[in-house]
Amino acid sequence: MTGPAPGGPLVQARGVGVRIGRHELLSGVDLELSPGEILSLIGPNGAGKTTLVRVLLGVLKPSAGRVVRRPGLVVGYVPQRLHLDPTLPLPVRHFLALGSRRRDPAPLRAALAEVGAGHLERALMSELSGGEFQRATLARALLRDPDLLILDEPAQGVDFTGQLELYALIERVRDERGCGVLLVSHDLHVVMAATDRVICLNRHVCCAGQPEAVSRHPEYLNLFGAHAARGVAIYTHAHDHAHDLAGAVVESDAEPADQDGQMAAAEGIRHAR
């Protein structure tokens, strides 16, 4: 995977808290995302993931802390839910053009081709499969030529094979465009294998770091159970190295049998107190 590019973060959250009435939705959340990085935000339902996304987008003002965005930052956003009237005969090409003054169809066709959906240009949105619908919404987000791509539950309604293809596509978009990507999901297994770094959220940051290290962290296991960590292991690769606090590769002479016990410490896991 391509690592973060130099030049500073695209967006930073420092000590972000959100309180509505007596309900605390987020508390003391820190987050930083760099160009060329895929960061996965995972957590159970009700953990505050979508609330945090709204704060990062500037739609919701935090009750505490602050968010700093790179000047001129362009964000492409794929929402968790997008309800279209199923009786509306809306072709994909018209969906992509909604809210745009562009008359040239070439950018629309290029965006659809980039996500492997060029053949859907004239198809109706109401007739698309879950995977096709997500590709169309991703194409629409890419039309903004974003510096930061935020995908809230992008695999929702997509079968397992489609999820694998979708996350491979997202990784390819990152590689080709160099944009930062924030993935929000509770589809742990595939997401954990398709990311550079993970933040586990449950109204506060429980743990954060390299995917394999997070999957072994006690807070992660408390939230998702040991079976989740075993499931993630299916998608991980054999290591002959470890990672330091910054995620850089550190060569290791340890025997393979010993590396699992060293993984959490070697990969620089951070536990938020």
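Rule-based calculations on the coordinates, nothing more; no lab input. Keep in mind the model is a prediction, meaning the values are calculated, not measured. Cβ: placed from backbone, ideal geometry, glycine included. Neighbour counts: every protein chain shown.
Rule-of-thumb check for the range 21-176: C-alpha Rg over 2.2 N^0.38 Å? Walk me through the numbers on the way to the answer.
Numbers: Rg = 16.7 Å, N = 156, 2.2 N^0.38 = 15.0 Å.
That works out to 1.11 for the range 21-176.
Listed by Cβ neighbour count within 10 Å, with the fewest neighbours leading, His204, His23, His119 appear as His23, His119, His204.
When each of Leu138, Leu25 is scored by the number of other beta-carbon atoms lying within 10 Å, the sequence from fewest to most is Leu25, Leu138.
Can you give the Rg to Rh ratio of the range 13-69, both from alpha-carbon atoms, with Rh computed by the Kirkwood formula? Mind showing how you got there, number by number?
On the way: Rg = 11.3 Å, Rh = 11.8 Å.
Rounded to two decimals, Rg over Rh is 0.96.
The simple spin-label model puts a point 7 Å past each Cα toward its Cβ; for Arg22 and Arg122 those points are separated by 6.1 nm. The ranking of Val59, Val67 by Cβ neighbour count inside 10 Å, starting from the fewest, reads Val59, Val67.
Between the range 117-139 and the range 43-68, how many Å separate their Cα centres? The range 117-139 and the range 43-68 have Cα centres spaced 29 Å from each other. Once both labels are positioned 7 Å from their Cα atoms along Cα-to-Cβ, the gap between Arg54 and Gln156 label points is 1.3 nm. The stretch between Glu165 and Arg101 holds 19.9 nm of extra length on full extension. This uses 0.36 nm per residue minus the Cα-Cα distance.
Restricting the range 10-113 to trypsin sites (Lys or Arg not before Pro) that sit in a DSSP loop and have at most 16 other Cβ atoms within 10 Å of their own Cβ leaves Arg22, Arg81, Arg101, Arg102, Arg103.
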